[in-house]
Amino acid sequence: MNGNDSALVEMRGITKNFGGLRAVDSVDFSIKRGEVVGLLGENGAGKSTLIKILTGIYRPDYGEIRFEGNLVEIRNRADSQRLGIEPLYQDLSLVGTLDAASNVFLGKELTKKRFGFFPVLNLKTMQKEAERILWEQLGIDFKNRWEPVFNLSGGERQAVALARAIYSEAKMVILDEPMASLGVEEVKRTLDIIRKLRENNIAVIVISHNLEHVYSVADRVVVLHRGKKVADTPTKELTPDEVVKLMVFGDRTKEVKAYE
Ligand SMILES: Nc1ncnc2c1ncn2[C@@H]1O[C@H](COP(=O)(O)OP(=O)(O)OP(=O)(O)O)[C@@H](O)[C@H]1O
Ligand SMILES: [Mg+2]
């Protein structure tokens, strides 16, 4: 049995080279269900590479991954999807011309057999189920829910993508810079959704350059510096100032002098 105390995912000694460049260097990373981890580091620190190893976009050169205690090979996106790992990319891969409900069920549409013969899309059930997830689980109520998602705001589209992740029974959601292009209200909503995911016992990794956002949701922060993990600490045990030093110098005790 996988209780809440054991890791959902445990990566050990993960190393990834691109030619002569070591993008990720012997990193250990683990996360439990219902935990929100902020993954931090400067540009090029290795954050996206590490999560792409988790989603099967890249294979590590060294290291092992355990999922619910079992050694796994994540060879491609299909493998990570089967495990319940759902990445949320910037473009969100939604179909702009379809409404929210249709997007939530994209690729796994509910069908009913009409005349006991031909499978027909069960639009009513899909819409009801989409509303249940959007409303009850994510607390989202947008007026324009019958609009093609093309007409929704960035934050609303993000909510639809997250509802889809929940519907597909994701155990882990990975957000790489989810708030980069959002307005103040939309950022607030995204942070609320992240909290809802945690309430739903989903593990969440959030990559963001905005420390304020990370501090407002993350239970723990992991800092990468030039591919190496330099911190893995409950958020409340590190000050934002220390995090910045870890990101820039890989060392939180570094004294920063003027003109250095
Ligand atoms: N496919 C690739 N081929 C070659 N080098 C790559 C590739 N992907 C990433 N890199 C390099 O690996 C290093 C880590 O990149 P990565 O994208 O993981 O950084 P990051 O922490 O996500 O940065 P950012 O905050 O800018 O998104 C960088 O030096 C980058 O140029
Ligand atoms: Mg990145």
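The values are calculated or read from the model by the stated rules, or taken from the named source; none is laboratory data. Since we're looking at a predicted model, the values are computed, not measured. As a convention, Cβ positions derive from the backbone with ideal geometry for all residues, glycine included, and neighbour counts pool all protein chains shown.
As an exercise: evaluate S6 against (1) surrounded by fewer than 21 Cβ atoms within 10 Å (Cβ to Cβ); (2) closer than 27 Å to R132 by Cβ and give the number of the one condition it does not meet.
That leaves (2) as the condition not met.
Pairs please, first residue from segment 174-196 and away from ligand 1 (no atom under 16 Å from the Cβ), second anywhere and part of a loop (DSSP other than H, G, I, E, B), Cβ atoms under 6 Å, 6+ apart in sequence or on different chains.
Sorted first by the residue in segment 174-196, then by its partner, the pairs are V187/M179; T190/P178; T190/M179; I193/L138; K196/L138.
Does R157 satisfy the criteria of being crowded, with 18+ Cβ neighbours inside 10 Å, assigned by TED's automatic domain parsing to the domain that holds L224, in contact (Cβ under 8 Å) with a residue 40 or more places away in the chain and more than 24 Å from G41 (Cβ to Cβ)?
On the way: crowded, with 18+ Cβ neighbours inside 10 Å: yes; assigned by TED's automatic domain parsing to the domain that holds L224: no; in contact (Cβ under 8 Å) with a residue 40 or more places away in the chain: yes; more than 24 Å from G41 (Cβ to Cβ): yes.
Answer is no for this residue.
Determine, yes or no, whether I57 is in a loop (DSSP other than H, G, I, E, B) and within 12 Å of ligand 1 (Cβ to nearest atom).
Working: in a loop (DSSP other than H, G, I, E, B): yes; within 12 Å of ligand 1 (Cβ to nearest atom): yes.
Yes: the conditions hold for I57.
Among the residues in segment 5-24, are any among the charged types (D, E, K, R), at pLDDT 95 or above, within 16 Å of ligand 1 (Cβ to nearest atom) and part of a loop (DSSP other than H, G, I, E, B)? Explain how you work it out, then say what you get.
At the first step, the residues of segment 5-24 found to be among the charged types (D, E, K, R) are 5, 10, 12, 16, 22.
Going one step further and asking which of them are at pLDDT 95 or above, we end up with 10, 12, 16, 22.
Checking the rest, the ones that are also within 16 Å of ligand 1 (Cβ to nearest atom) come to 16, 22.
Narrowing the set further to residues that are part of a loop (DSSP other than H, G, I, E, B) leaves none.
No, the conditions are met nowhere in segment 5-24.
Restricting to segment 25-54, count the residues that are away from ligand 2 (no atom under 16 Å from the Cβ) and assigned to a loop (DSSP other than H, G, I, E, B).
4
Do you know which of the residues in segment 17-50 that are surrounded by fewer than 20 Cβ atoms within 10 Å (Cβ to Cβ) and in contact with a helix residue (DSSP H, G or I) (Cβ under 9 Å, 6 or more places away or on another chain) is nearest to M179 (Cα to Cα)?
Result: E42.
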